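Colleague: Take this structure first; my questions come after.
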Amino acid sequence: MTKRRILACIALTLMATGARTQEPPAPAEDTAAAQDTGTLLQRFSDDPDRFTQTDGEALYRTTCQACHMEDGRGDAGAGAHPPLADNPKVASKHFVAGVVMTGYHGMPRFGHQMSDDQVAEVTNYVRSSFGNDHSDPITPDEVADLRAPEDND
Amino acid sequence: MTMPPFNPSRRQLLAMIGQVAGAAAMYQAMTSLGFAGESGYTGEPDLQGPREGRRVLILGAGIAGMAAAYEMRRAGYEVKILEYQDRQGGRCLTIRGGDRYTEMGGHEIACDFEGDGYLNPGPWRLPVHHRAVMDYCRKLGVPIHPFIIKNNKAFLHSANAFDGRPQRIGHVEKDMRGHVSELLAKSLHQGALDDAVSAEDREKLLEGLRGWGVLDSDFSYSVSDDLGGVRGWDIRPGGGLMADRKPSQPVDLSPLLQSGLWEQLFGFNSYSFEPPMFEPVGGMDRIADAFAREVSDIVQLNARVTRIAQGEDGVTVTYEDGGRGGTVQEESADWCICTIPLSVLVQLDVDCSDAMQKAIAAVPYASAFKVALEFRRRFWEQDEGIYGGISYTDLPLVQIAYPSYGFLSDGPAVVQGAYDTATGGRTFTYSWSTMTPQERIDAALALGRRIHPQYDAEFMSGTSWVWHRVDWSLGCYGQWTEELRDAHYKTLCEIDNRLVLAGEHCSHIPAWLEGSLLSALDAIKRLDQRENA
Ligand SMILES: Cc1cc2nc3c(=O)[nH]c(=O)nc-3n(C[C@H](O)[C@H](O)[C@H](O)COP(=O)(O)OP(=O)(O)OC[C@H]3O[C@@H](n4cnc5c(N)ncnc54)[C@H](O)[C@@H]3O)c2cc1C
């Protein structure tokens, strides 16, 4: 069984648990809550070694959001997770894709756990969300050109 | 589950023997925070002290900063610590019922535990070969008790093996040992290892394998009363006229190999996790509190360092009193020891060599998270006979740790219901880190009930910690690679004019308290030598 199927099974079991409680009159929230949990669990990749989400938003929600936050505004205290909204540096698609692949200061790299397509997807998502409106998407081929040779495994 | 019979080739067999006998290197690579290495602690530092009044400014009141302050002051230096938080201890902390913490992004983490259980969000267990930690616990009066690192009754679990039923650690371990002994005996009998083993050794080895693997007279690993005495019983020996005892049934080799549970065992081979391990009685912050008792009179809290300027013979540190945006203040000193995590330091204005700047900027910070859950009763003890220890799973929660304190007590108790770090290379830590505090609890419950169905009936409340949402560390620990170390480590640790860095990131034992202590002890020794040169 693949990891995706494991998580799908868990989600189904949760929903089934919710459904079973319906035999005596159903607390509607239970089913809703179970479905929410199913959606929540999709935030985990099916493979512990690589991110398996494919679209830019889903990739953002399972990686970047940890530090740059739901709204792309980051946060600052002693140190900062910089905002990706209202950030002039985000104008460069090569910069954003490069940071995603190789990391930046304390930010870990993601290049070894994402394909060229995934890096392109998440880069394009960031550059067209949170009020960003950059109309020059990066292509997977351009991402491939940015990769360090040792990254191509 | 039916599996084809397993007929290993000679090459497979030898690979397996290698695994059983000595795959320390592999175990270490696969282990979370499994950095081995004997600690280089040689006892109390022997400092000469300053020739005349000398002022030392220490940045950060974690374990490294407080240990440096404690020893420098004892040696006669005038010491002051600037700390960003309103507390001392840094990453060495404990959260208990009633605690509140606002993480980055503005979410509030609440801990509403009703019993005396707690969560150690960071450090939680101490190996005995971390001799500096042990020595300071002794000197500063921090009582410790055993931390059960390996419990043979705890579980190994894979969602897609054995119909999702967890297996006992002891069973998996003994069955693998038995099967591998049987296979090795078979090869020896067939003369397959005659090149490697002399005739005399062969007899000794066969004899040993029979005892070690609990093989029968035909050298086969199978049910017997002897095995019952090693692996346990389906019907346990009783008293009086109770039913006759019945030995437990070993699991076949192939399903075990296919399950992935064997690999889950490898973590226990890491030297860092060698039993016995220990923990401070009452929570890991007891160590931080003990240092704080010694140095709190020289700690200034709520001081956010923003700049470290160096002159010919001194340093000037700029800080914001009251946190980011607070009143700007300055402090000057002869020497500065900076223990601010590199992830934060790289964002500050630091006068130092280009090479050191590059070193500070080079090290990414690993992710890590924990979720703790309070339950109405200790069902793991009462229903499953699990007293302390850790269960492992391939579900994204990775591990469930049971408390090593309060055994047998009635009333609520806390388990560490999910924990992983980026050391293992799994993607899951990031996903957990993206979740709100409530979502983390929901996910830990939804996944954990696959292992402990009692979760639903017994759950009371939960709390969590995400190291990437901590603004004063921006992560769990400095994630060095060998290439990064070759390029930057030495420069990072060298004294740069009047400034020296310390902290777990300046050690070969990252993500352990011992690394922080040893880096601090080494930094002050070198400063003291420079002072007296
Ligand atoms: C998840 C996890 C599990 C761990 N498990 C274990 C374990 O089981 N056993 C073990 O021995 N160790 C463990 N460790 C490692 C241990 O916690 C660390 O090595 C140690 O606490 C680090 O101490 P430090 O003094 O180097 O840094 P810190 O404790 O981080 O101290 C640095 C201080 O600098 C302050 N600071 C930051 N920025 C500024 C600024 N701008 N101005 C002023 N002050 C600032 C911070 O607030 C902090 O107090 C674990 C760590 C983690 C995260």
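Colleague: Just want the answer: with Cβ charges of +1 for Lys and Arg and -1 for Asp and Glu, which residue in B:THR463, B:GLY267, A:PRO140 is farthest toward the dipole's positive end in the protein assembly as shown?
Modeller: B:GLY267
Colleague: With each label point set 7 Å from Cα along the Cα-Cβ vector, what nm distance links B:LYS139 and A:ALA76?
Modeller: About 4.0 nm separates the two model spin labels.
Colleague: At 0.36 nm per residue, and after removing the present C-alpha to C-alpha distance, how many nm does the segment from B:GLN249 to B:GLU330 gain when stretched out fully?
Modeller: Extra length from B:GLN249 to B:GLU330 when fully extended: 22.0 nm.
Colleague: Which length gain, in nm to one decimal place, applies between B:GLU78 and B:THR481 when the Cα-Cα distance is subtracted from 0.36 nm times their residue separation?
Modeller: Length gained, B:GLU78 through B:THR481: 141.4 nm.
Colleague: For every helix of n ≥ 4 consecutive DSSP H residues, a contribution of -39,500 (n - 2.57) applies; sum these over chain B, divide by its total residues, and give [θ] at 222 nm rounded to the nearest 500 deg cm²/dmol.
Modeller: Taken over chain B, the calculation gives -9000 deg cm²/dmol.
Colleague: Name all residues of the range B:134-149 having a backbone nitrogen under 20 Å from the label point set 7 Å from the Cα of B:ASP46 along its Cα→Cβ direction, giving them as ranges.
Modeller: B:135-136
Colleague: Determine, at each q value in 0.05, 0.10 (inverse angstroms), the log₁₀ of I(q)/I(0) that the Debye formula gives when each Cα of the protein assembly as shown is one equal point scatterer.
Modeller: So the normalised log intensities are -0.27, -1.04.
Colleague: Size of the dipole of the protein assembly as shown about the Cα centre, Lys and Arg at +1 and Asp and Glu at -1 on the beta carbon, nothing else charged, in debye to 20?
Modeller: 1080
Colleague: Roughly speaking, to the nearest percent, how much of the range B:169-259's 1.4 Å accessible area is carbon and sulfur?
Modeller: In the range B:169-259, the share of accessible area belonging to carbon and sulfur is 48 percent.
Colleague: Taking the Cα atoms only, what angle lies between the long axis of helix B:285-295 and the longest principal axis of chain B, rounded to 10 degrees?
Modeller: 20
Colleague: Further, regarding this structure: Within the P(r) computed for chain B, what percentage of the Cα pairs occupies the region above 31 Å? Before the final figure, lay out each step's value.
Modeller: Working: 74512 of 141778 pairs.
When all Cα pairs of chain B are counted, 53 percent exceed 31 Å.
Colleague: Shifting gears a bit: Over the residues of the range A:53-153, compute the C-alpha Rg and express it relative to 2.2 N^0.38 Å.
Modeller: 1.00
Colleague: Shielding of B:337-347 by partners, i.e. mean partner chain Cβ atoms within 10 Å per residue?
Modeller: Mean shielding count: 3.
Colleague: If you take the charge dipole of the range B:79-235 about its Cα centre, with +1 on Lys and Arg Cβ and -1 on Asp and Glu Cβ, which of B:ASN151, B:GLY164, B:GLY141 is farthest toward its positive end?
Modeller: Farthest towards the positive pole: B:GLY141.
Colleague: Now a separate question. How would you rank B:351-358, B:517-524, A:77-84, B:488-495, highest first, on the average number of other Cβ atoms within 10 Å across their residues?
Modeller: B:517-524, A:77-84, B:488-495, B:351-358
Colleague: Based on Cβ point charges of +1 for Lys and Arg and -1 for Asp and Glu, what charge dipole magnitude is obtained for the range B:376-470 about its Cα centre, in debye rounded to the nearest 20?
Modeller: So the magnitude is around 220 debye.
Colleague: Which angle from 0 to 90°, rounded to the nearest 10, does the C-alpha axis of helix B:63-74 make with the longest principal axis of chain B?
Modeller: Orientation of helix B:63-74: about 50 degrees from the principal axis.
Colleague: Turning to a different aspect of this structure: Output wanted: per-residue J couplings in Hz (rounded whole) for the range B:203-220, from phi through Karplus 6.51 cos²θ - 1.76 cosθ + 1.60, θ = phi - 60°, x for Gly and Pro.
Modeller: Values per residue, Gly and Pro as x: 5, 4, 5, 4, 4, x, 4, 4, x, 5, x, 6, 8, 7, 5, 8, 6, 10 Hz.
Colleague: Report the one residue of B:LEU241, B:VAL281, B:TYR84 whose Cα lies farthest in the direction of the positive end of the charge dipole of chain B (charges on C-beta: Lys and Arg +1, Asp and Glu -1; origin at the Cα centre).
Modeller: B:LEU241
Colleague: Residues with beta-carbon under 12 Å from that of A:PHE130, excluding A:PHE130: net charge, scoring Lys, Arg +1 and Asp, Glu -1? All intermediate terms of the calculation are to be shown ahead of the outcome.
Modeller: Working: positive: A:ARG73, A:ARG127; negative: A:GLU57, A:GLU70, A:ASP71, A:ASP86, A:ASP133.
Surrounding charge for A:PHE130 is -3.
Colleague: What average count of beta carbons from other chains do you get within 10 Å of the Cβ of residues in B:155-166?
Modeller: Mean partner shielding for this stretch: 2.
Colleague: Further question: First measure r as the distance between the Cβ atoms of B:LEU265 and A:ALA144, then evaluate 1/(1 + (r/R0)^6) with R0 = 56 Å and state the FRET efficiency to the nearest 0.05.
Modeller: The pair B:LEU265/A:ALA144 has a calculated efficiency of 0.90.
Colleague: Another one. Could you rank the peptides B:163-170, B:453-460 by their average count of other C-beta atoms within 10 Å per residue, with the highest value first?
Modeller: Sorting B:163-170, B:453-460 by mean packing, highest first, produces B:163-170, B:453-460.
Colleague: Sticking with this one: Peptide A:33-44: average number of partner chain Cβ atoms within 10 Å per residue?
Modeller: 4
Colleague: Let me ask another. Applying a 10 Å radius around every beta-carbon, put A:63-75, B:412-424 in order of their mean neighbour count, most first.
Modeller: On the way: A:63-75: 20.6, B:412-424: 23.9.
Averaged packing, sorted descending, gives the order B:412-424, A:63-75.
Colleague: Take a quick pass over chain B and tell me how many lysine pairs come in under 25 angstrom between Cα atoms, counting only ones 8 or more apart or on separate chains.
Modeller: For chain B, qualifying lysine pairs total 15.
Colleague: Might you report the magnitude of the Cβ-based charge dipole of the range A:53-153 about its Cα centre, with Lys and Arg at +1 and Asp and Glu at -1, to the nearest 20 debye? The partial results should precede the final answer.
Modeller: Values: 7 positive and 17 negative charges, 78 e Å.
Here the size comes out at about 380 debye.
The values are calculated or read from the model by the stated rules, or taken from the named source; none is laboratory data. Please read all numbers here as calculations on a predicted model, not as lab measurements. Note that each Cβ is placed from the backbone with ideal geometry, even for glycine, and that neighbours are counted across all protein chains shown. Only protein heavy atoms, including side chains, enter the accessible area calculation; ligands, DNA and RNA are left aside. Shrake-Rupley method; radii C 1.70, N 1.55, O 1.52, S 1.80 Å.
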